[in-house]
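The structure appears below as structure tokens.
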Amino acid sequence: MKILVINCGSSSLKFQLIDSASEDVICKGLCERIGIDGSRIVYTPAGKDKIIKESPMPDHNRAIELVIEALTNKEDGVVSLDEIGAVGHRIVHGGEKFTKSVVIDDEVIKAIEDVSDLAPLHNPANLIGIRACQKVMPGVPMVAVFDTAFHQTMPEEAYIYGLPYSYYEKYGIRRYGFHGTSHSFVSKRAAEILGKNAADLKLIVCHLGNGASLSAVDGGKCIDTSMGLTPLEGLIMGTRTGDIDPSVVEFIMKKENSTVADVMNLVNKKSGVFGLSNDLSSDFRDLEDAYVAGNPAAKRAVDAFVYRVVKYIGSYTAALGRVDAICFTAGVGENSGFVRKLICDKLQFIGATLNEEANKVRGKEEIISGADSKVTLMVVPTNEELAIARDTYALCK
Ligand code: ADP
């Protein structure tokens, strides 16, 4: 079966067409600037050059039509419309309602709407993507795959905030966690690579990208993760603060005479390694170059990022009671031997040692720990689209 995977944002839409049998990507692409002037679709059929088509996209319906056109047109199309057997949608927030992927029906759409206040920027955009696909591909089964689902196994002591309990009961204020599809994919793959049963393993997954989060996975189940009610909590990220004292918000508002919205913009978009490096960059490639060249601001940013990751690894080691393997994934985790080394050099407390030669790997599965290491250190590239395609196939075959 050919599965169309859709990741719909407010002004962009990423897609991949995946063959469920071979798990090959048949075509992948992106619609940019939906509802904005200058919109275009960029896509790459497997084994061919990138194709860019400028085309007005007043709304997501038109974007989905253009995706279908790109996939099925006579010149560079890769399938006929009736070959697309199912669509998998990435949904950011499933609240407490969704603990796994589900086939989309009216009730599911209503439930995704009901938790939209927990992800006001993302869930409405995800719903627009579902509705646009229903319009353009009526009758094709669709599946919702939630970023939060994998973390629903966290125990209450890990997900609850130290607020009056009524705020959890009234508003659902608790820690949910994100990147769940990635944490799930990587933890399962790690068990396969190690040739062990997931039920016997205690893992820490470090998803280090522009957004970054850690999870502690015990016997295949998530017991803690670093993001919270929103993806702002936890690690220092590309442009997000991660954990801060909430009083900082009020303090800045008073000092700068600014609004809550201003400060939320600051902590989400102007902070993290970007803000710490005096706005040098949020991209770790730039920061690494500057760090190596002796730039103190880049060093400050990367060192603070690394310190926070190590601190979380320490706390998750305590939560798990033992750690068998630490997995690095996502843009930085898969590609930056430099950042991995800075992190791993601080892990002597769990007896971890790094094999510097193996650590040169980029974007490939590799065991990077030394022969004497008490904990396996490994690079496990994530593949959220494949995970979505697998869940979609399993529910629609
Ligand atoms: P997201 O999906 O959150 O946008 P990614 O997982 O794609 O993030 O990671 C993007 C980040 O990965 C980039 O901002 C960059 O910092 C980092 N990155 C990608 N390639 C490299 C590399 N070769 N070396 C260091 N960092 C890299």
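The values are calculated or read from the model by the stated rules, or taken from the named source; none is laboratory data. Just so we're clear, the structure is a prediction, and the values are computed from it rather than from any experiment. Ideal geometry is used to build each Cβ from the backbone, glycine not excepted, and the neighbour counts take in all protein chains shown. To get the accessible areas, we keep the full protein, side chains included, count just its heavy atoms, and leave off ligands, DNA and RNA. Shrake-Rupley method; radii C 1.70, N 1.55, O 1.52, S 1.80 Å.
Summary table below
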item	result
Magnitude of the charge dipole, the stretch 266-397, Cβ model with Lys/Arg +1 and Asp/Glu -1, debye to 20	360
Nonlocal amide H pairs with S373, under 5 Å, H built at 1.01 Å	T353
Mean accessible surface per residue for the chain, computed with a 1.4 Å probe while every protein chain stays in place, in Å²	46
³J(HN,Hα) computed for each position of the stretch 371-382 - Karplus, 6.51 cos²θ - 1.76 cosθ + 1.60, integer Hz, glycine/proline x	4, 8, 5, 7, 10, 7, 9, 8, 9, 10, x, 7
Theoretical gain in end-to-end length, A46 to K360 [0.36 nm per residue, Cα-Cα removed]	110.3 nm
Globularity ratio of the stretch 2-146, using Cα Rg and 2.2 N^0.38 Å	1.02
Rounded if a/c under 1.5, otherwise prolate or oblate - the stretch 196-379, Cα gyration tensor axes	oblate
By average C-beta atoms within 10 angstrom, highest first, the peptides 47-58, 309-320	309-320, 47-58
Long-range HN-HN contacts of V323 with modeled amide H, under 5 Å	none
Difference of contour (0.36 nm per residue) and Cα-Cα distance, L30 to E113	27.4 nm
Antiparallel DSSP beta bridges within the chain, as percent of all bridges there, nearest 5	65
Computed E for E157/T99 - FRET, C-beta separation, R0 25 angstrom, nearest 0.05	0.85
Cα gyration tensor category, rounded, prolate or oblate, for the stretch 301-397 with a/c compared to 1.5	prolate
Paramagnetic reach from T72 in the stretch 135-164 [backbone N under 19 Å; point 7 Å along Cα→Cβ]	135-143
Sites I350 and A304 - FRET efficiency at Förster radius 30 Å, r taken between beta-carbons, to 0.05	0.90
Length gained when the stretch K196-D243 is fully extended (0.36 nm per residue, less Cα-Cα span)	13.5 nm
Helix-only mean residue ellipticity at 222 nm for the chain, each DSSP H run of n ≥ 4 adding -39500 (n - 2.57), per residue, nearest 500	-11000 deg cm²/dmol
Mean separation of Cα contacts under 8 Å (6+ apart) over length of the chain, as relative contact order %	14
Rounded, prolate or oblate (a/c below 1.5 giving rounded, otherwise prolate when a/b exceeds b/c) for the stretch 79-211 by Cα gyration tensor	oblate
S315 paired with Y167, simple spin-label distance in nm, labels 7 Å along Cα-to-beta-carbon	1.7
HN-Hα J in Hz across the stretch 43-55 - Karplus 6.51, -1.76, 1.60, θ = phi - 60°, x for Gly and Pro	8, 10, x, 3, x, 10, 6, 5, 10, 10, 10, 6, 7
Label-point separation in nm, A261 to E54, each point 7 Å along Cα→Cβ	3.3
